[in-house]
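Data first, discussion second: the structure below is written as structure tokens.
The values are calculated or read from the model by the stated rules, or taken from the named source; none is laboratory data. None of the values given here were measured: they were computed from a predicted structure. Areas reflect the complete protein model, heavy atoms only, side chains present, ligands, DNA and RNA absent. Shrake-Rupley method; radii C 1.70, N 1.55, O 1.52, S 1.80 Å.
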Amino acid sequence: MSRKKINFDAKIKLSNMVDSPHEAQITEKLNIINHTKNTQITSFRLRQVDVERLDEVLKKANEINMSHPFTRTSLVRGLLMLAVDSNPKKLLEYIRKSL
């Protein structure tokens, strides 16, 4: 039984369908979300009171949310965005209050 060797340099059938390489580049670009940046795993140590506060805020957010329930991760992301938009002095006040 003989096997054929694969020729990787040969043109494939799909490439023969396109008349010119320029036509292949004009193809319609799809609007697909592509996460090119890798996420970085970061962990934090929270006190029991902090976990309780996080769960309490998560419960409040999920009560008014009409779509799918939020997770702790989405809550932390939302709180980070809130902190970015808020007054730095007020943020510092709340950080000191939490200690």
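Would you check which residues across the range 62-87 are more than 23 Å from the chain's Cα centre (by Cα), open to solvent by 100 Å² or more (accessible area, probe 1.4 Å) and of a type outside the set (Asp, Glu) and list them?
Ile64
Assess whether Ile6 counts as being outside any helix (DSSP H, G or I), at pLDDT 75 or above and open to solvent by 100 Å² or more (accessible area, probe 1.4 Å). It would help to see each step written out before you state the result.
Numbers: outside any helix (DSSP H, G or I): yes; at pLDDT 75 or above: yes; open to solvent by 100 Å² or more (accessible area, probe 1.4 Å): yes.
Spelling it out, Ile6 is indeed outside any helix (DSSP H, G or I), at pLDDT 75 or above and open to solvent by 100 Å² or more (accessible area, probe 1.4 Å).
Restricting to the range 41-55, count the residues that are part of a helix (DSSP H, G or I) and within 14 Å of Arg77 (Cα to Cα). Even if it seems obvious, please write down each step before you answer.
Of the residues in the range 41-55, the ones part of a helix (DSSP H, G or I) are 48-55.
Those left that are additionally within 14 Å of Arg77 (Cα to Cα): 54.
Counting residues in the range 41-55 that are part of a helix (DSSP H, G or I) and within 14 Å of Arg77 (Cα to Cα) gives 1.
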